[in-house]
Amino acid sequence: MVKKKIIDLKKSLSKLINPFTLQNEFTIEIICSRELGKDNELKENPDFNPSNIINGEVKNFVFEALNIATTQIKVKIFENEDQEYIETELIDRGNLIYKITEPNKFNYIPLESNILLFYLNTPAKASFTKLMGITSSEFGSIFLFNNGFRILPFGEPNNDPFNINKRKAQGRTRFLGTRELIGHVAISENTEQFQETSSRDGGLIDSPGTRELENFFLETLRKLESFVEPILWKIKKRTGNEEEVFDLTAKNQILDFVEKISGKKDIKLIDYSDNLLNYITENIEEKNLPLFDKLRAIALKANDQASLLTIDQEETKYEKEVKKRIKAEEKAAEEEAKRIEAEEKAAEEEQKRKDAEESLKEKITENLFLKSVKSQDFDEVISFLHHIGLGSLNIDNELKLFVKQLRKGKEINKEKLLRTLDYTLFENRKILTISKFASKANFKLFTSSVKIDVITYLSEYIHNILGLVENQSPRITIDRLKGEEFLIDVKPIELNIIIDNLISNSRRAKAQLINIVFRVKDTYLEIRIIDDGIGIDSKNINQLFELGFTTTSGSGIGLHHLKKIMDEMNGSIEYNNENKKNTEFIIKIKNN
């Protein structure tokens, strides 16, 4: 507990030390013999944290924590040959971006006064916390030193004497706030323009000098923001990289940035990044050639004769590489075009061969069909005829009824007439469907399986074909789960036959409602066809699927053929004897 209090005291005392200067007017040392042994043990670890050591000189390690980790700007006022200037250095992670001078326009700020600001991105904040033992927001933001002594409350947590947080609130995406900044403003002399208030933590008395100092700070901050916002923050937006590592776009932006700075009035470019030439030459592209002119303009502004010569030499080499690359790309494109042409020609020849084979196959198939139906399964042909016969018989019965009524002079109800015509149209569409699949023109489709979603196919078939008689009994409803599908290779005509046959049986059983339920199980699709018709006598259940069995005037072919179709599909159809209320058939189609 005592050690923690001493460490907290040491952290507070460290803030009195200006971390941004090499010389201080005073030093503070802590001597605690009780902790000396533990301090020596900690120092044996090469990765020890200095902030955890009790004994020794109190130092402020903030500069060490941030010097390499982030972006910083150094600004100072100096004199040269009786002229006063402001020198600005912008450094990113240890690498110079630019160094410029401009005439000093401030009248009250003493020579050698300076400002040093660090931009804190996420990794820099983490680095700071690791070395200092506290977060940057707990440490403070912008400190003020006057003649080497710290002025309070500048730098205290939550203190914002330059109102930069208020400024940030007006342009969040463009400005930096205290949470993203740490640094100092150092006044070199204690002049009458920079006097402390009578209160020890009251800051400076308002004066023309303090107002100039605020402008000096804000101009420095804007210079830092002009690099951070359009370049570093845009990297994070483009790539999501919290460390803001330069990508190709950022490197081109830095070149433009330095060129723009060097071209401003009254700005003298003293030095600039050695990496600008590398940014151009690391990618051999024709569009980069104009960038050499930009770099040459920067070197001219800096009167950098050595770099001008290097730029000329590198540009000549670069032009040769670009021409070499263009020639190689043209040759590669030519080879690729030849390859594509050869592949297309080969594909065309292959298609001709396939077409010829297909044509021959179709002729053989057509001849076989025309010569004899024996090439098809006899039971299937009989089944087609059965379904066509059923449809024709239903149409015949409906029309006979109306002819009989008309001959007797009976009045025919309009609604009943429309229902009958709807039903007749329905039966005729079924006949057309079957005949279409069984015709010569579609014999290939009849004999081939296609991959379809059974649920969607049957739902659309029921809706588009059987749905033509939605006002006619029986009414058909579909129960399927949203998004559920069941893809298999199957003959569509066989699915039509199954549904048509069962619905036809339901109608003959005087059903008013048919509910068709689709459910996908682990390895199969289950289809339940449920109607409210007169039902099936329990004594006949065992004979339902036998060839020729019927309780009506029908042929007894339908259910037998359905079972045969399901057997060939490796599926099943069965009557649900447990449903005592309705007639229910359960179809199971396995996933092939």
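So if we plug the beta-carbon distance of Lys539 and Glu349 into 1/(1 + (r/R0)^6) with R0 = 51 Å, what FRET efficiency do we get, rounded to 0.05?
Rounded to the nearest 0.05, the efficiency is 0.15.
With 27 Å as the limit, write out which pairs from Lys125/Lys168; Lys4/Lys74; Lys234/Lys294; Lys166/Lys260 have Cα-Cα distances beyond it, or answer none.
From Lys125/Lys168; Lys4/Lys74; Lys234/Lys294; Lys166/Lys260, over 27 Å: Lys4/Lys74; Lys166/Lys260.
Along Cα→Cβ, 7 Å out, is where each label goes; now give me the distance between the ones at Leu406 and Val322 in nm to one decimal.
That separation, rounded to one decimal, is 8.8 nm.
Would you work out the charge dipole size for region 64-245 about its Cα centre, treating the Cβ of every Lys and Arg as +1 and the Cβ of every Asp and Glu as -1, and quote it to the nearest 20 debye?
Dipole size: approximately 1120 debye.
How big is the charge dipole of region 221-333 about its Cα centre, in debye rounded to the nearest 20, if each Lys and Arg gets +1 on its Cβ and each Asp and Glu gets -1 on its Cβ?
That gives a dipole near 320 debye.
For Arg93, what residues show an amide H to amide H distance below 5 Å, using hydrogens built from the backbone and excluding near sequence neighbours?
Here the answer is Thr70, Thr71, Gln72, since their amide H atoms fall under 5 Å of that of Arg93.
By how many nm would the segment from Glu484 to Glu212 lengthen if fully extended, with 0.36 nm per residue of separation less the alpha-carbon distance?
Working it through step by step, the gained length comes to 90.6 nm.
Per residue of region 103-120, what does 6.51 cos²θ - 1.76 cosθ + 1.60 with θ = phi - 60° give for ³J(HN,Hα)? Whole Hz please, x for Gly and Pro, Karplus curve as stated.
Per residue, the Karplus-derived 3J(HN,Hα) values read x, 7, 9, 8, 9, 9, 7, x, 4, 6, 5, 8, 10, 9, 10, 10, 8, 9 Hz.
Once amide H atoms are built 1.01 Å from N in the peptide plane, which residues 5 or more positions from Glu84, or in another chain, come under 5 Å H to H?
Asn104
Compute, for region 145-190, the length of the dipole vector about the Cα centre, with Cβ point charges of +1 (Lys, Arg) and -1 (Asp, Glu) only. Units Debye, rounded to 20.
Magnitude of the dipole: close to 340 debye.
Sorted by mean Cβ packing within 10 Å, highest first, what order do the peptides 216-223, 52-59 take?
216-223, 52-59
Need the full-extension length gain, Asn464 to Ser392, defined as separation in residues times 0.36 nm minus the C-alpha distance. One decimal, nm.
Taking Asn464 through Ser392 to full extension adds about 23.9 nm, to one decimal.
Mind giving me the FRET efficiency for Asp453 and Glu242? R0 is 51 Å, r the Cβ-Cβ distance, nearest 0.05 is fine.
Result of the calculation: an efficiency of 0.65.
Sort 224-234, 93-103 for me by packing, meaning the mean count of neighbouring Cβ atoms within 10 Å per residue, highest on top.
224-234, 93-103
For a 23 Å ceiling on Cα separation, which of these pairs sit above it: Lys268/Lys320; Lys5/Lys130; Lys43/Lys130; Lys521/Lys563; Lys416/Lys580; Lys223/Lys301?
Lys268/Lys320; Lys416/Lys580
As I understand it, the dipole of region 64-245 uses +1 on the Cβ of Lys and Arg and -1 on the Cβ of Asp and Glu, about the Cα centre. Which of Ile91, Ser113, Pro123 lies farthest toward its positive end?
Pro123
On full extension of the chain, what length is gained from Ala169 through Asn80, given 0.36 nm per residue of separation minus the C-alpha to C-alpha distance?
Residue separation times 0.36 nm, minus the Cα-Cα distance, leaves 28.1 nm.
Note down the nm distance, to one decimal, between modelled labels 7 Å out along Cα→Cβ at Ser473 and at Ala342.
Rounded to a tenth, the inter-label distance reads 7.4 nm.
Convert each backbone phi in region 576-592 into a coupling constant with the Karplus relation 6.51 cos²θ - 1.76 cosθ + 1.60 (shift: θ = phi - 60°), then list the ³J(HN,Hα) values in order as whole Hz, x for Gly and Pro.
For region 576-592, the Karplus-derived couplings read 8, 6, 7, 7, 7, 8, 10, 8, 9, 10, 10, 10, 10, 10, 7, 6, 8 Hz, x marking Gly and Pro.
Here, each number is a calculation from the coordinates, and none is a lab measurement. Computed from a predicted structure; not experimentally measured. Neighbour counts run over all protein chains shown; Cβ positions are idealised from the backbone, glycine included.
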